[in-house]
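> Pasting in a structure now, in structure tokens, and then I'll have a few things to ask.
Every read-out reported here was derived from the displayed coordinates using simple, explicitly stated rules and does not represent laboratory data. It should be emphasised that the depicted structure is a prediction, and the values quoted were computed from it without experimental measurement. So basically every Cβ, Gly included, is an ideal-geometry build from the backbone, and we count neighbours across all protein chains shown.
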């Protein structure tokens, strides 16, 4: 009977330890909840900022590269880079390519694609509205057209003369495209030179 209080005290200690260190399944649930919240918040944020993810088709990457006519060392920015296929292709051409993404799932996909392709491209979890693009030689975007007016103002303020701007599907209102590529009945790709 003398052992009974010791067992009771030991049980209390076990309970105290369990409270301090929750069971692994609760940690997993907490992690999943945080992950779901992060995905939801970044997805909503990206949609509000006008950057819902719809990837540029793989077959249109070659069209982009032809229009961009990238020279080694040029700085290329993809605003809302999604899975980074375009950024990686630009880096393979010798560009200092940077993809900017604010939605967590496309960002993770882009970062993994960059790692597995051993690309020198930079993938940044950043809102492009907050990035100064004055060093850009080429800027590419495939975004929701209702933000184009605001984006046009940003680009006109920040880009140097001669910077190439390439848009996919929708034109920038008020700008005259140097080239409109609809080759083979594909979706339009617009090249502007600022």
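> Between residue 154 and residue 27, what's the calculated FRET efficiency when r is the beta-carbon distance and R0 is 30 Å? Round to 0.05.
After rounding to 0.05, the efficiency reads 0.10.
> To the nearest 0.05, how large is the calculated FRET efficiency for residue 173 and residue 71 if R₀ is 25 Å and r is the Cβ-Cβ distance?
Step by step, r from the Cβ atoms, then E = 0.30.
> Also, quick follow-up: Full-extension gain between residue 122 and residue 40, please, as 0.36 nm times their residue separation minus the C-alpha to C-alpha distance.
27.1 nm
> Let me ask another. For a quick check: sort 190, 29 by the number of other beta carbons within 10 angstrom, fewest at the front.
Fewest-to-most ranking of 190, 29: 29, 190.
> While we're here: Write down the radius of gyration of region 68-194 and its Dmax, each obtained from C-alpha positions, in Å.
Spelled out, the Cα radius of gyration and Dmax of region 68-194 are 13.9, 40 Å.
> What distance in nm separates the two pseudo spin-label positions at residue 105 and residue 92, each 7 Å out from Cα along the beta-carbon direction?
Simple spin-label model gives 2.6 nm for this pair.
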